[in-house]
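Student: If you scroll down you'll find the structure; I have some questions about it.
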Amino acid sequence: MSTTEYKPGISIEDLPPELRQREPLKLASNENPLGPSPLALQAIRDSLETLNIYPSKQLEWQLRQAIAASISDQLGPEHIVIGSGGIEVLEFVARSHLPTPDDASALPRQSFPFLARFSGRSGNPINFFDLDEADFRYQPERIAAAITPNTRLVYVCNPNNPSGTYSTAAELQQIMAVVPDDVLLIHDEAYLDFVDAPDFPNLLPQVLAGKNIFLMRTFAKIYGLAGLRLGFGIAPPAVIERVAGVKRNFHINKLSLVAGLAALNDADHRQRTIANNAAGKQWLTEQLTRLDCHVWPSQANFVLFSHQSVPAQMLIDGLMAQAIIVRPAFGLDNHIRLSIGTPEQNARLIESLTAVLN
Ligand SMILES: Cc1ncc(COP(=O)(O)O)c(C=O)c1O
């Protein structure tokens, strides 16, 4: 396992005209294949006529309140910070917790690369640790070895992107035991809504106990609002205050705020999304295995796979020739990260992959 350089994903708009004419299918960015939450769309339509008016502070407060209430009656708006996408939330965390050039982060090499890119740009030191070579587990002793007296942030992505694998509650206990109290542990839960493992950690008690911990979530996946840009963090009020201290006013537009409020009530879309994902993931895993691929067990809305003998890039190129975009898995050579689609999209992917392999 070695590190490949991170390359941004390809969009349908980036495709050459000859591929754009062939009904391009993108299964590369873990987007919701069922589309945006219909309730969110209606809320956006209902707000269009008031776009001449700035979003009120009260609306943001309301969304923070609603997010908190949707998670636990012990959480309040003081436990929530929202951002223009989870990426902006992570940026706020980094900016608030890496104020001087020496402030360091301990980051996984085979994971979501945003914090590494952000820290790289700001010139802050990064101590990388590797996940387990065989099963992509986070190993507490490797995390401990990456922590120095200058470390301010430790990042755990759970379920992990791009592997889809997860750390159990017991493993998180071990990880928390090696992270000093004055170091912020970011637990990125962008894919939490797709998790069905009973031993997945619930870190809310730690948040409520005032531990130095930050849970990252997004409206992009489960609510299908990736294009709107809305994410949030959950943490003890003192952490939230520090993180929110770096943001500017009006960084979230009114449509995002009203859509977020509506999406939280969209139980139907949410359930359909989860059911589609579970069925599609199982079917794709079976089909890919039948095609001699190794598929890692996933708790997310994507699967990681590699073929026994055919290089990943050859498969990526072969699929691209059929106007299907999949993604080389960042941080992992020779692996593909495939988003779960609708049954029709999944069937097209398998049909095309079969053709590439034959
Ligand atoms: C692990 C992880 N964290 C955070 C994000 C950021 O989400 P957003 O699209 O809300 O910026 C993503 C997006 O793909 C992700 O995969």
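Student: With 10 angstrom as the radius, rank 296, 61 by how many other C-beta atoms surround their C-beta, starting from the fewest. Let's see the in-between values first.
Tutor: Values: 296 19, 61 13.
Sorted ascending by nearby Cβ count, the order is 61, 296.
Student: Additional query: Using amide H atoms built 1.01 Å from N in the peptide plane, name the residues 5+ places from residue 190, or on other chains, whose amide H lies under 5 Å from its own.
Tutor: 158
Student: Which peptide among 187-197, 102-112 comes first, and what is the full order, when sorted by highest mean count of other Cβ atoms within 10 Å? Please list the in-between numbers first.
Tutor: Details: 187-197: 20.0, 102-112: 22.8.
Ranking the peptides 187-197, 102-112 by packing returns 102-112, 187-197.
Student: Measure off 7 Å from each Cα along the Cα-to-Cβ vector at residue 204 and residue 290, then give the distance between these two points in nanometres to one decimal.
Tutor: Spacing of the two 7 Å Cα→Cβ label points: 4.0 nm.
Student: Okay, moving on. If packing is taken as the mean number of other Cβ atoms within 10 Å per residue, what is the order of 45-56, 276-287, 64-75, highest first? Write down the numbers at each step before the final one.
Tutor: Numbers: 45-56: 11.4, 276-287: 18.0, 64-75: 16.1.
Top to bottom by mean Cβ count within 10 Å: 276-287, 64-75, 45-56.
Student: Next up: Given H placed on each backbone N at 1.01 Å, which residues far from residue 128 in sequence or on other chains put an amide H within less than 5 Å of it?
Tutor: Here 107 satisfy the definition.
Student: Report the extension gain between residue 169 and residue 100 in nm, rounded to one decimal, defined as 0.36 nm multiplied by the number of residues separating them, less their alpha carbon distance. Don't skip to the answer; put the middle values down first.
Tutor: On the way: separation 69, 0.36 × 69 = 24.84 nm, distance 3.30 nm.
That pair, residue 169 and residue 100, stretches by 21.5 nm at full extension.
Student: Here is a further query. What distance in nm separates the two pseudo spin-label positions at residue 249 and residue 317, each 7 Å out from Cα along the beta-carbon direction?
Tutor: 5.5 nm
Student: Note the full-extension length gain between residue 50 and residue 272 as 0.36 nm times their separation in residues minus their Cα-Cα distance, in nm to one decimal. Show your work: numbers first, answer last.
Tutor: On the way: separation 222, 0.36 × 222 = 79.92 nm, distance 3.12 nm.
Here the answer is 76.8 nm.
Student: Right, next: At a Förster distance of 30 Å, what's the computed FRET efficiency of residue 20 paired with residue 283, Cβ-Cβ distance as r, to 0.05? Could you put the intermediate results ahead of the total?
Tutor: Working: r = 28 Å, r/R0 = 0.92.
Using R0 = 30 Å, I get an efficiency of 0.60.
Student: Next question, about the same structure. Lys and Arg at +1, Asp and Glu at -1: add these up for the other residues within a Cβ distance under 11 Å of residue 94 and post the number. Could the numbers behind the result be given before it?
Tutor: Numbers: positive: 95, 117, 121, 152; negative: 88, 91, 103.
Here the count lands on +1.
Student: Please check which bits of region 235-265 a label hung off residue 42 would reach, taking the label as a point 7 Å along Cα-to-C-beta and the cut-off as backbone N under 12 Å.
Tutor: Those under the cut-off are 262-263, 265.
Student: Would you mind checking the pairs 211/247; 26/254; 57/254; 26/281; 221/247 and listing those with alpha carbons more than 19 angstrom apart? If you can, show how the numbers build up before the last one.
Tutor: Values: 211/247 22 Å; 26/254 29 Å; 57/254 10 Å; 26/281 16 Å; 221/247 23 Å.
The pairs that break the limit, which is 19 Å between Cα atoms, are 211/247; 26/254; 221/247.
Student: Quote to one decimal, in nm, the extra length available between residue 308 and residue 181 on full extension: 0.36 nm per residue of separation minus the C-alpha distance between them.
Tutor: Details: separation 127, 0.36 × 127 = 45.72 nm, distance 4.36 nm.
Length gained, residue 308 through residue 181: 41.4 nm.
Student: Determine the calculated [θ] at 222 nm for the chain from helices alone, applying -39500 (n - 2.57) to every DSSP H run no shorter than 4 residues and normalising by the residue count; nearest 500 deg cm²/dmol. Can you show the working numbers first?
Tutor: Working: 13 runs with 138 residues, N = 358.
Here the helix-only value at 222 nm equals -11500 deg cm²/dmol.
Student: At a threshold of 8 angstrom on Cα-Cα distance, excluding pairs fewer than six apart, so keeping six or more, what relative contact order does the chain reach in percent?
Tutor: That works out to 26 percent.
Student: To continue, here is another question. Sum up the charges of everything whose Cβ sits under 10 Å from the Cβ of residue 326, counting Lys and Arg as +1 and Asp and Glu as -1, but leave residue 326 out. Don't jump to the answer; show the numbers that get you there.
Tutor: On the way: positive: 26, 327, 337; negative: none.
Around residue 326, the charge tally is +3.
Laboratory data are not the source of any read-out in this text; all were calculated from the coordinates shown. Nothing here was measured: the structure is a model prediction, and the numbers come from that model. We place every Cβ from the backbone using ideal geometry, glycine too, and count neighbours over all the protein chains shown.
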